[in-house]
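Trainee: Sharing a structure here in structure tokens format.
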Amino acid sequence: MSNNIERYIEHGLFASRWIMAPFYVGLVGALLILLVSFLQELWHFALSLPNLTQIDAVLGVLSLIDLSLAGNLLVIVTFSGYENFVSKIDIAGGKDKQDWHGTVDFAALKLKLVASIVAISGIHLLKIFMEVDKTSEQQIRWMIIIHLVFVVSGVLLALMDYIAAATKKQKK
């Protein structure tokens, strides 16, 4: 009797992973919203082309790169999260399958997430530096501190994963 109850509970817990599927579908919706934002930014950038200064051109490109990095981040989180926590994605033919598809585990996902956040933060910081006269010294200081916190967090996360992998290797 208790084995049956345990089996039902375990099957229920295992099946509950499908509750996450709508989250990943929602991230695809967020990717579409990001695409609209990217297209708006590109349109605005193209319209300002006749009066574009060199700094404005660099800032416009950085904004587009920033949005594309956020889109890449969404794709990585969607695919790897779905595959790690819900179900493997089986694409017939596999012609368009990316090299990283199916190989990003949770540890790699964390590192990619932190690396993307550091890159996005760095781009924002570069934008601030390019228009340094429009930003207060205190805001710049906080942006640098926040960026450094992201960088240090990423390094510490990578170090923790390295130590965990080395410990796991030693146990074998």
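The values are calculated or read from the model by the stated rules, or taken from the named source; none is laboratory data. Just so it is clear, the model here is predicted, and its values are computed rather than measured. Counting neighbours? That spans all protein chains shown, and the Cβs are built from the backbone with ideal geometry, glycine included.
Yes/no matrix, rows are residues, columns are (1) charged (D, E, K, R); (2) modelled with pLDDT under 85; (3) assigned by TED's automatic domain parsing to the domain that holds ALA15:
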position: LEU67; (1), (2), (3): no, no, yes
position: TYR82; (1), (2), (3): no, no, yes
position: GLN98; (1), (2), (3): no, yes, no
position: VAL118; (1), (2), (3): no, no, no
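Trainee: Going through ILE55, ILE9, ILE91 one at a time, which residue ends up being without any contact (Cβ under 8 Å) to a residue 12 or more places away in the chain and either closer than 20 Å to LYS112 by Cα or not in a loop (DSSP other than H, G, I, E, B) (or both)? Show your work before the answer.
Mentor: On the way: ILE55 fails: without any contact (Cβ under 8 Å) to a residue 12 or more places away in the chain; ILE91 fails: either closer than 20 Å to LYS112 by Cα or not in a loop (DSSP other than H, G, I, E, B) (or both).
Matching residue, one of ILE55, ILE9, ILE91: ILE9.
Trainee: I've got another one for you. Just to be sure I understand, how many residues within the stretch 1-59 are closer than 23 Å to PHE85 by Cα and touching a Lys or Arg at 6+ places or on another chain (Cβ under 9 Å)?
Mentor: Residues that pass the stated criteria total 0.
Trainee: Another question, if that's okay. Can you find, within the stretch 7-32, the residue that is farthest from the chain's Cα centre (by Cα) among those that are β-branched (Val, Ile, Thr) and more than 20 Å from GLY71 (Cβ to Cβ)? Even if it seems obvious, please write down each step before you answer.
Mentor: Keep residues of the stretch 7-32 that are β-branched (Val, Ile, Thr), which gives 9, 19, 25, 28.
Filter once more, so that each one left must be more than 20 Å from GLY71 (Cβ to Cβ): 9, 19.
On the way: ILE9: 34, ILE19: 21 Å.
If we take residues in the stretch 7-32 being β-branched (Val, Ile, Thr) and more than 20 Å from GLY71 (Cβ to Cβ), then ILE9 is farthest from the chain's Cα centre (by Cα).
Trainee: May I ask you to say which residue of LEU67, LEU35 is touching a Leu at 6+ places or on another chain (Cβ under 7 Å) and within 24 Å of VAL118 (Cα to Cα)? Lay out the reasoning, then the answer.
Mentor: Numbers: LEU35 fails: touching a Leu at 6+ places or on another chain (Cβ under 7 Å).
Result: LEU67 is the single residue among LEU67, LEU35 that is touching a Leu at 6+ places or on another chain (Cβ under 7 Å) and within 24 Å of VAL118 (Cα to Cα).
Trainee: I've got another one for you. Taking the stretch 25-55 only, how many residues are modelled with pLDDT of 95 or more and of a type in the set (Ser, Thr, Tyr)?
Mentor: 1
Trainee: When you check MET20 against the structure, is it of a type in the set (A, V, I, L, M, F, W, C), at pLDDT 90 or above and over 22 Å from HIS124 (Cα atoms), yes or no?
Mentor: Yes: the conditions hold for MET20.
Trainee: OK, next. Return the residues of the stretch 133-143 that are surrounded by 10 or more Cβ atoms within 10 Å (Cβ to Cβ) and in a helix (DSSP H, G or I); say none if nothing qualifies.
Mentor: Within the stretch 133-143, GLN139, ILE140, ARG141, TRP142, MET143 qualify.
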